[in-house]
Structure formats: C-alpha cells, structure tokens
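As structure tokens, the structure follows; a few thoughts come after it.
What follows is calculated from the coordinates using simple rules that are stated; it is not laboratory data. In this text the structure is predicted, and so the values were computed from the model without any measurement. Reconstructed Cβ throughout: ideal geometry from the backbone, glycine too, with neighbour counts over all protein chains shown.
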C-alpha cells in the first residue's frame, strides 16, 4: 500500500534587524554614497561595473577569482543599508547640505579659493562617506565604533585620518569609488588577536574632483607624498588652497587610489603568515 508524500514545512529564520552603525538603533535605511543632489550634474550611465578582488601576501597574486558584477542603473545611485532613518534624515542630511556649496565649487569648472572652513566641511563629508563605505564588506570593517560614536556626537574627526583632493575629470573617474584595506603591524610585528583589517584608503571621483582619504587604527598612520603642485591635503588643514590646480591623469588617479600598495610592497615591509 502506497503512502502519500508529505511535504515538510520549510522553516525560514529571518535575520535580526541590522543596527545603525552610528547610534545603534534598528531599522536601517539606504544611504547613497553620492548625495541625491549630485544626480543632476551627471549623465545617466547604464551597465555600471563593479569589481572586487583580494590579493595574497607580498606576491600580489589573487587570493580568489575577482567578483565582477554588471548592474543596470547609474553608478551614483549605489546605496548601502547601514544607517537608521533618524541619522540619515537629520544630522547626515545636514552635513550633506553644508558640504554642497564647497563641493560644487570644486566639482564644476571655475576658479575659487578653498578656505579653512570649506576644507573642514569637505573633510567631514569625506569622513562620513568613508565610514559608510567601510561597511560595504562587513568582514573588512576598519573604523572602530568609538570613532563612529564620536563623529555622531559632535563630528569629531577620526584620529589618523587624512584627506587629499585633486582635479581629474577623466571619464573613468567622473563618478567612481575605490576602497583598499589591509592589516599592518608595527615592530615587533605582533598582532593582537583577533586579527582584523586596520588600515584603508578610500577614493571618490566626483565630476572634476578626486578625493582620497587614508585611515589607520591605533598608532598606524598612512600618509603619502603626492605631487603638491597638483594634489592638496585638506585634512589636517594646512592653509587656503587656490583652485583649480593642473589636472592629474586617469593613470595618476589610479595610482593615487591604490597608493597603499607603496606601503604594502615597500622593501621595509615584512610579511608574516
């Protein structure tokens, strides 16, 4: 005698709500990497391409095949679901609006003097974007919660955080972003478990403007010797800047975005298992 087949119910366990990376509240919303107002200054781009890859040790060989994904829509529409609605609509929105005039003076063609206040607001805007994009790969997060909490409280800039700007405008860099992360230790080359990434660079191409940020945890400070005639450091602030400088090429922009390689593959860097 045959028995009818009985389907077993499939149990689907929902993931717990992800907390806001700044205040810890649940119910996160989407945060754009580029601000909403940027859309009117960039043409529609379809077939946006995103490539993620990991390299292994001093050889620079790929640790795994590159993750290459093409998606429809505009590059500047990329979002990350990591902040709550309250943070997104209140202080983060206020910072976006405060930075808009200074950013537009650099994104669009024209001459200007970038004063200290404008440099500070652009640097804080860049810090916000770096903290959000830091969450794009959860296992590679570098910013510590204490840094995000201090930024939420009174916009305190993270320690060991630097920002440079340059004029590029090359087609590949008019709306692009690149993030590199690594783990470094100072002599005597000891890592405190658990191991985690502790240095990163974050680069945004934004119209005519190229922004590069570097960040290290603890005593680790990443700084670069860029061409000071074409690349200006705006954080920590050193003085007013006359804009625009001579352009950097697309190749220059690529080198700047991956400048952390100069540290990782230096003769003074020792690799350990």
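Site pair residue 26 and residue 255 shows an inter-label distance of 5.1 nm when each label is modelled 7 Å from Cα along Cα→Cβ. Here the extension length gained between residue 80 and residue 94 equals 3.2 nm, from 0.36 nm per residue of separation less the Cα-Cα distance. Using the Cβ-Cβ distance between residue 139 and residue 172 with R0 = 25 Å, the FRET efficiency computed as 1/(1 + (r/R0)^6) comes to roughly 0.35. A Förster radius of 30 Å, combined with the Cβ-Cβ distance separating residue 185 from residue 111, puts the computed FRET efficiency at roughly 0.10.
If the segment from residue 155 to residue 237 were pulled out straight at 0.36 nm per residue, it would be longer than the present Cα-Cα gap by 27.9 nm. Taking 0.36 nm per residue of separation and subtracting the Cα-Cα distance, full extension of the segment from residue 18 to residue 39 would add 4.8 nm.
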